Amino acid sequence: MPARLMLLDTASLYFRAFYGLPDTIVRPDGTPVNAVRGLLDMIARLTTDYGATQLIACWDDAWRPQWRVDLLPTYKSHRVAAEVAGATDIEVVPDALEVQIPLIRHVLDLAGVAVVGAAEHEADDVVGTYASHAEVPVDVVTGDRDLFQVVDDARQVRVIYTARGMRNLEVVTDGVVVGKYRVLPEQYADYATLRGDASDGLPGVPGIGEKTAASLLLQYGTLESLLAAATDAASGLSPSVRSKLAAASDYLSVAPAVVKIVRDLDLPTPEEAGAQLRPVAGDPRAELERLGLEWNLGGSVTRLLAALDRRG
């Protein structure tokens, strides 16, 4: 089987699993396991259907990094559950999901799935770094449009987009991004900066919507070039757009660094991280099978083990 690296935006997937399955799926002690069960089924299906030979579950060591908040205080601010002095890492996570996250980590460890995070960075940044330096084709699995910026046909990097559910997965390539937004993947971060994104607390430039943002990037290529044109009287940029960009100058001075995914983190290589998929044997397999029964994981463990056995 040709080498192919799959990168999971893990939190995106276990949130989807949690909301896609009833939280009445519980262990005998009452602890919900719907997210655990759903995530295992996703991994089994995705790795099989897309021919992954390597897998990394990219982790949010900081879902709302302080350095991004320092630059743009509105960044993900609507997801903060409460005001706590000196804290910015409180997300609205249902209790029934929060108790499952350690269980997810334990099961992934037993299955030999590599889990990689980076201090003060989001899973997106881990994905961006691996996707930008991979020497094999890459599939990024996410429900987050921000990761469209890593799509690169020339390097065989694509996104398996889950926003419409696991039954309606969309393979996002250069052409799909252009078709949806009229910008290239490498322009997507600038496009999101201009247009704004309520899901991430990005206000955007007032008066510049999707169509205007796309047309400006079509004409000027990058946000940097657009801003240069805005200060050049001979550039031909309309007075209206000049005024809107000038009014948003404070936002535009910091937003690009917040929106653009980090691509140069110091991470273990996929080989060092243990990304190679292989059958689970010995004590870990026995423990997984035991937990499958004791934790009421149904056939999810069996399906995951079968998917990994096919990598033998």
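The values are calculated or read from the model by the stated rules, or taken from the named source; none is laboratory data. All values reported here derive from a predicted model rather than from experimental measurement. Every residue, glycine as well, gets a Cβ built from its backbone with ideal geometry; the counts of neighbours run over all protein chains shown.
Brief remarks follow.
- When Leu194 is tested against (1) surrounded by fewer than 17 Cβ atoms within 10 Å (Cβ to Cβ); (2) in contact with a helix residue (DSSP H, G or I) (Cβ under 6 Å, 6 or more places away or on another chain), exactly one condition is not met: (1).
- Whichever residue in the range 190-221 is part of a loop (DSSP other than H, G, I, E, B) and under 23 Å from the mean Cα position of the chain (by Cα) and, among such residues, is nearest to Val172 (Cα to Cα): Gly196
- Only one of Gln149, Gln187 that is over 28 Å from Phe18 (Cα atoms) and assigned to a helix (DSSP H, G or I): Gln187
- Subset tally (residues that are of a type in the set (A, V, I, L, M) and surrounded by 19 or more Cβ atoms within 10 Å (Cβ to Cβ)) for the range 161-179: 2
- So Leu223, is it without any contact (Cβ under 8 Å) to a residue 40 or more places away in the chain, among the hydrophobic types (A, V, I, L, M, F, W, C) and within 30 Å of Gln66 (Cβ to Cβ): yes
- Hits in the range 1-33 - residues which are without any contact (Cβ under 8 Å) to a residue 40 or more places away in the chain and buried (at least 20 other Cβ atoms within 10 Å of the Cβ): Ala17
- Test: residue in the range 1-22 that is modelled with pLDDT under 95 and either aliphatic (A, V, I, L, M) or under 20 Å from Ala111 (Cα atoms) (or both): yes
- From the options Val254, Val262, Val241, residue that is surrounded by 13 or more Cβ atoms within 10 Å (Cβ to Cβ), of a type in the set (Val, Ile, Thr) and not in a helix (DSSP H, G or I): Val262
- Matching residues, the range 244-276, being aliphatic (A, V, I, L, M) and either in contact with a Cys (Cβ under 6 Å, 6 or more places away or on another chain) or under 28 Å from Val113 (Cβ atoms) (or both): Ile261, Val262, Leu265, Leu267, Ala273, Ala275
- Candidate set from the range 115-129 (those that are buried (at least 20 other Cβ atoms within 10 Å of the Cβ) and touching a strand residue (DSSP E or B) at 6+ places or on another chain (Cβ under 6 Å)); member that is nearest to Arg285 (Cα to Cα): Val116
- The one condition in (1) crowded, with 17+ Cβ neighbours inside 10 Å; (2) hydrophobic (A, V, I, L, M, F, W, C); (3) more than 30 Å from Gly30 (Cα to Cα) that Val301 fails to fulfil: (3)
To keep it simple, each residue is scored yes or no on (1) in contact with a Leu (Cβ under 8 Å, 6 or more places away or on another chain); (2) surrounded by 17 or more Cβ atoms within 10 Å (Cβ to Cβ); (3) free of Cβ contacts under 8 Å to residues at least 24 places away in the same chain.
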site: Ala233; (1), (2), (3): no, no, yes
site: Gly236; (1), (2), (3): no, no, yes
site: Ser249; (1), (2), (3): no, no, yes
site: Thr269; (1), (2), (3): no, no, yes
site: Val280; (1), (2), (3): yes, yes, no
site: Gly312; (1), (2), (3): no, no, no
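- Considering the range 265-312, the qualifying helices (runs of 4 or more DSSP H), each wholly inside and each with 1 or more residues that are under 26 Å from the mean Cα position of the chain (by Cα), run over 270-273, 300-309.
- Arg45 in a helix (DSSP H, G or I) and either buried (at least 24 other Cβ atoms within 10 Å of the Cβ) or of a type outside the set (A, V, I, L, M, F, W, C) (or both): yes
- Of all residues in the range 55-85, those satisfying the criterion of being modelled with pLDDT of 95 or more and assigned to a helix (DSSP H, G or I) are Gln66, Trp67, Arg68, Val69, Asp70, Leu71.
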